[in-house]
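Here's the structure, in structure tokens; my notes come after.
The values are calculated or read from the model by the stated rules, or taken from the named source; none is laboratory data. Computed from a predicted structure; not experimentally measured. As a convention, Cβ positions derive from the backbone with ideal geometry for all residues, glycine included, and neighbour counts pool all protein chains shown.
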Amino acid sequence: MNLKLQHILRAPIQPKCASMALLFLRLVVGIAFIYHGWGKIQNPFGWMPAGAPVPGFFQGLAAFAEFGGGIALVLGLLTHIASIGLAITMLVATYMHAFVLHDPFVNMTGGSSFEPALGYFAIACLFFVVGPGGYSLDHKIFGDRPAK
């Protein structure tokens, strides 16, 4: 294999580039969670329709996870903790859409599906594993985590 091509294929992502990408992802996903959580936080224990299989307490947890977790992602503050709440919330949402509502993975007619919840679950897991990046309050306050 050509040495230059081999170098391109193996080149690690530079920390600044990775931090910029994580910042961009945090901002986009965080703002989306704030937007989705805002309506729920207005009526945190009853935002689902009457007769929904999710008790009000868990609706409140989901509302707080989405709204508060979105703010945490935007700021890059307590990202690992926020990621846990968001991941659990999105895992439950995925389960509800896939197995209770029987929505498809992707609805080609524009209806409800479990693709967005599963995608947000994956992103929350990414932030739990990778962290918020260098451009975050977590990095500023707590510094770097030692590599294992």
Just need a number here: residues in the stretch 13-67 that are over 13 Å from the mean Cα position of the chain (by Cα), over 17 Å from P116 (Cβ atoms) and among the charged types (D, E, K, R).
-> 1
Quick one: which of F105, F128, F57 is of a type outside the set (A, V, I, L, M), assigned to a helix (DSSP H, G or I), surrounded by fewer than 20 Cβ atoms within 10 Å (Cβ to Cβ) and without any contact (Cβ under 8 Å) to a residue 24 or more places away in the chain?
-> F57
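Here's the yes/no breakdown for (1) hydrophobic (A, V, I, L, M, F, W, C); (2) more than 18 Å from the chain's Cα centre (by Cα); (3) at pLDDT below 95:
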| residue | (1), (2), (3) |
| --- | --- |
| I88 | yes, no, no |
| L91 | yes, no, no |
| D103 | no, yes, yes |
| V106 | yes, yes, yes |
| T109 | no, yes, yes |
| G119 | no, no, no |
| L126 | yes, no, no |
| G131 | no, no, yes |
| R145 | no, yes, yes |
Of G85, G119, the only residue that is assigned to a helix (DSSP H, G or I), free of Cβ contacts under 8 Å to residues at least 12 places away in the same chain and closer than 30 Å to C17 by Cα is G119
Only one of (1) surrounded by fewer than 15 Cβ atoms within 10 Å (Cβ to Cβ); (2) in contact with a Pro (Cβ under 6 Å, 6 or more places away or on another chain); (3) not basic (K, R) does not apply to S113, and that is (1)
